[in-house]
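The values are calculated or read from the model by the stated rules, or taken from the named source; none is laboratory data. Quantities reported herein were computed from a predicted structural model and do not represent experimental measurements. Methodologically, a virtual Cβ is constructed for each residue, glycine included, from the backbone with ideal geometry; neighbour enumeration extends over all protein chains shown. Please note that ligands, DNA and RNA were not included when accessible areas were found on the heavy atoms of the full protein model with its side chains. Shrake-Rupley method; radii C 1.70, N 1.55, O 1.52, S 1.80 Å.
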Amino acid sequence: MQNQAALTSAIYFAPLLPWQTLLWEQVTARAQDSNKPLPHALLASGTAGLGKRAFVWRLVAWLLCYQRERHPMGACGDCESCHWLKSGTHPNLQVLPLASLPFDCQDSVANNKNDSTKKAAKPKDTTIKVDDIRAIQPFIYQGGQGLKLCIIDNAEQMTTAAANALLKTLEEPQASVHLVLITDSKAKLLPTINSRLQQLPIQQVSPELGFEFVSRALGGIIQQQPATDADIQQLLTISHGAPLAAIALAQLPWYSKRALWLTTWQALFSKKRSVIAASNYWQEQLSLLEFIDLSKLMLSDIQRELLGLPSNQQDIDFKSVLQNHQPSFDAIASLLAELDALTAALQQNVQEKVAYDKLMATLAAF
Ligand SMILES: [Zn+2]
């Protein structure tokens, strides 16, 4: 199973994120300390967009690098190990699942930059099955030279059988093998798995550092429009202070269509526009998955406004729309549940047009 070729090599050699310097120094010092070596099983968890994957992939490259003593701040990029990484054929690295390409790495953000017209694909099936875990066991238990690393991304996607198979592996640590699990939802891991992992302390980012990083990365532009400090701050607020998530959000095709969503909803509930016309229009604009993500953000702020809290999107005028029409909290909850159900259904080859029409009908009655 040689699946790490799916990862672009740039993620192994990307610059260290400015808020991870201390963590880097701590972890790499420990990896070189024979009295207190790096634990065999690590967990990188926390809010999406804080750069936990960026950190892990850099660490992977550095741990494997043959010249790491001379390059304490990141893999050398030149040794045999680094070349193997670049060609996606490192014999001492295994990555699960097959469809793993971390969204919150800088390079994936950069790749999306000029991609605002492209429609999103259906959600990838990233389930990790028991056979996937069994397939990496020979790698873990067979000898071989040097350090071996096994990375399980989206670890919360393990089936119970897969998690139990992994648990056995965690209970029998091998001297030269390190496992790193990555997840955005630590609470979804089995407690028995959690208790055998040592958490990497992925830090929150200070608001000042986060702002500066996002501001510099976007270069004053959001969706081809000049961005103010308030626009940057809003991206960070919506992204719970996670800079990489804020940068990704700024580049999502639906981010510039938020006011349009509100106009459509208003036209639907006031019967100025038919469900089919609205559905046809949006199908030209966004994939259903994108429309679902957009709707979730809009609903969260409708909810905040109805609770008397300031909306996170200060550039959108919710108040004037909600003056005329206020959905109940129950209606919001049931629409949110419908959006989740639709996301799941999209993995089962549900016809997008049919689902779009149905969702618009729900919005019209909402
Ligand atoms: Zn190297």
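Averaged per residue, the range 1-80 has 41 square angstrom of accessible surface, using a 1.4 angstrom probe with ligands and nucleic acids left out. Against the main long axis of the alpha-carbon atoms of the chain, helix 21-31 sits at an angle near 30°.
Using only alpha carbon pairs under 8 Å that are at least six residues apart, calculate the relative contact order of the chain and give it in whole percent. Show your work: numbers first, answer last.
Values: 491 pairs, mean separation 69.3, N = 366.
Averaging sequence separation for qualifying contacts and normalising by length gives 19 percent for the chain.
P(r) tail for the chain, what percent of Cα pairs lie past 39 Å?
Beyond 39 Å sits 23 percent of the P(r) for the chain.
Taking a ≥ b ≥ c as the square roots of the eigenvalues of the alpha carbon gyration tensor, the range 240-324 is oblate, as a/c is not under 1.5 and a/b does not beat b/c.
Report summary: the helix-based calculation at 222 nm, which adds -39500 (n - 2.57) for every DSSP H run with n ≥ 4 and divides by the residues of the chain, gives -15000 deg cm²/dmol. Distance between the pseudo-spin-label points of THR89 and ASP340 (7 Å out from Cα toward the beta carbon): 4.6 nm.
Coupling constants for the range 38-48 follow from the phi torsions by the Karplus curve (6.51 cos²θ - 1.76 cosθ + 1.60, θ = phi - 60°), and in residue order they are 4, x, 6, 10, 10, 10, 10, 10, x, 3, 4 Hz; glycine and proline get x. Backbone geometry of the range 212-229 corresponds, through the Karplus equation with coefficients 6.51, -1.76 and 1.60 at θ = phi - 60°, to 3J(HN,Hα) couplings of 4, 5, 5, 4, 5, 5, 8, x, x, 10, 10, 6, 6, 10, x, 10, 8, 4 Hz, x marking Gly and Pro. The heavy atoms of SER34 offer some 100 square angstrom of accessible surface to a 1.4 angstrom probe. Of GLN67, GLN199, GLN323, the residue with the greatest mean-square motion in the GNM of the chain, using alpha carbon springs below 10 Å, is GLN323. Helix 275-285 and the longest principal axis of the Cα set of the chain meet at an angle near 40°. In order along the range 315-324, the Karplus-derived 3J(HN,Hα) couplings, from 6.51 cos²θ - 1.76 cosθ + 1.60 at θ = phi - 60°, round to 8, 10, 8, 6, 4, 5, 6, 6, 4, 8 Hz, and Gly and Pro are given as x.
The angle separating the long axis of helix 258-269 from the principal Cα axis of greatest extent in the chain is about 40 degrees. Counting only protein heavy atoms and a probe of 1.4 Å, the accessible surface of the range 207-252 is 59% carbon and sulfur. Solvent-accessible area per residue in the range 256-364 equals 49 Å², computed with a 1.4 angstrom probe and all protein chains kept. Placing unit charges on each Cβ (+1 for Lys and Arg, -1 for Asp and Glu) gives the chain a dipole about its Cα centre, and among LEU309, HIS90, ALA162 the Cα reaching farthest toward its positive end belongs to ALA162.
In the calculated pair distance distribution of the range 207-252, what percentage of Cα-Cα distances lie above 18 Å? Let's see the in-between values first.
On the way: 97 of 1035 pairs.
Counting pairs separated by more than 18 Å, the tail of P(r) holds 9 percent.
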